[in-house]
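S.K.: Okay, handing you the structure first.
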Amino acid sequence: MMITESEILNASILIVDDQESNVSLLEQMLSGAGYTCVTSTMNPREVCALHRKNGYDLILLDLQMPGMDGFQVMEGLKTNITDSYLPVLVITAQPGHKLRALQAGAKDFISKPFDLIEVRTRIHNMLEVRLLYKKLENHNRMLEQVVEERTAELRESEARYRSLTELASDWYWEQDENMNFTKVSGPVLEMLGIRVDSFAEDAGNTRLSNSVAGWNEEERKLLQATIAARQPFLDFLFTRANADGSQQTFRVSGEPMFNRSSHFIGYRGIGIEQTTKK
């Protein structure tokens, strides 16, 4: 991320000084150095409104002014919530004011009487830092916008996926790496006789556990072996004999889930009660 000389010379600068001679000297110096966007005011009460309107890259601010001094101006500038960086280069003839000015938020200072070479150097260096800061802020805002857009797209995609799976099945399910149910949608609780584990519910989790007997053990062992091998399965059939002598048949499909580090984090899938579907 670089700042060109052209960007520095086209930066916006505001001169604030109650002495017309100082304003004229600084304007001539900046114009002679090639700066193209320089304005000035001799009224310190105008500075905050001017900065809110124009967003200056640099404010050359005299500290000793009648009615409202430079320290009061800086306090007013801090109320501009759209700009977290105070682009102030103070002008002072009092050496004792330099530390106080820096503590008040100024980024650098110029001493009176002016050393024009020093003034040009400090202005150039501060503008370079200021423009880099603005460019970084813009870059971060663009990244945040991209992240927000991608997150919205992902949520929309997930919503479409959930909607399609719910339309195509009786339930959608997810299990964690320990094969505890962590998420279900649809009437799976009633169909499979799954209950919410009270301990997990108290801990704030949606952990579910099986509490109904009658499952075909051979089918269950085959399914568990497939899951243990981290293999996907499609239209797996398993049955359960109920206490009233009836039998239910279910068809499930599932796939393992992995994080970005290829670490297994569980399974997800869909299920249908075959006995109620043609």
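Here, each number is a calculation from the coordinates, and none is a lab measurement. Since this is a predicted model, take the numbers as computed values, not measurements. Here the Cβ is made from the backbone with ideal geometry for all residues, glycine too, and neighbour counts use every protein chain on show.
S.K.: For a quick check: sort VAL90, VAL47 by the number of other beta carbons within 10 angstrom, fewest at the front.
M.R.: The order, fewest Cβ neighbours first, is VAL47, VAL90.
S.K.: If you don't mind, another one. Which whole-number percent gives the relative contact order of region 40-130, counting Cα pairs below 8 Å spaced six or more residues apart?
M.R.: Across region 40-130, relative contact order equals 26 percent.
S.K.: While we're looking at this one, here's another question. Give the aspartates and glutamates reachable from LYS98 as a straight Cα distance under 15 Å; neighbours fewer than 8 places away on the same chain don't count.
M.R.: ASP62, ASP69, ASP108
S.K.: Based only on other Cβ atoms within 10 Å, what is the fewest-to-most ordering of HIS51, HIS124?
M.R.: HIS124, HIS51
S.K.: Over region 1-158, what is the relative contact order in percent, taking alpha-carbon pairs closer than 8 angstrom and at least six residues apart?
M.R.: Value for region 1-158: 21 percent.
S.K.: Tell me which aspartates and glutamates have Cα within less than 16 Å of LYS134's Cα, excluding those fewer than 8 residues away on the same chain?
M.R.: GLU5, GLU7, ASP57, ASP83, GLU144
S.K.: Modelling each spin label as a point 7 Å along the Cα-to-Cβ direction, I'd like the ASN80/PHE236 distance in nm, to one decimal.
M.R.: Between ASN80 and PHE236, the label points sit 6.4 nm apart.
S.K.: Tell me, in nm to one decimal, what length is gained between LYS98 and ASN54 on full extension, where the rule is 0.36 nm per residue of separation less the Cα-Cα distance?
M.R.: 13.2 nm
S.K.: When a footprinting reagent is the concern and you count Cβ atoms within 10 Å, what order do VAL23, VAL146 take, fewest first?
M.R.: Ranking VAL23, VAL146 by Cβ neighbours within 10 Å, fewest first, gives VAL146, VAL23.
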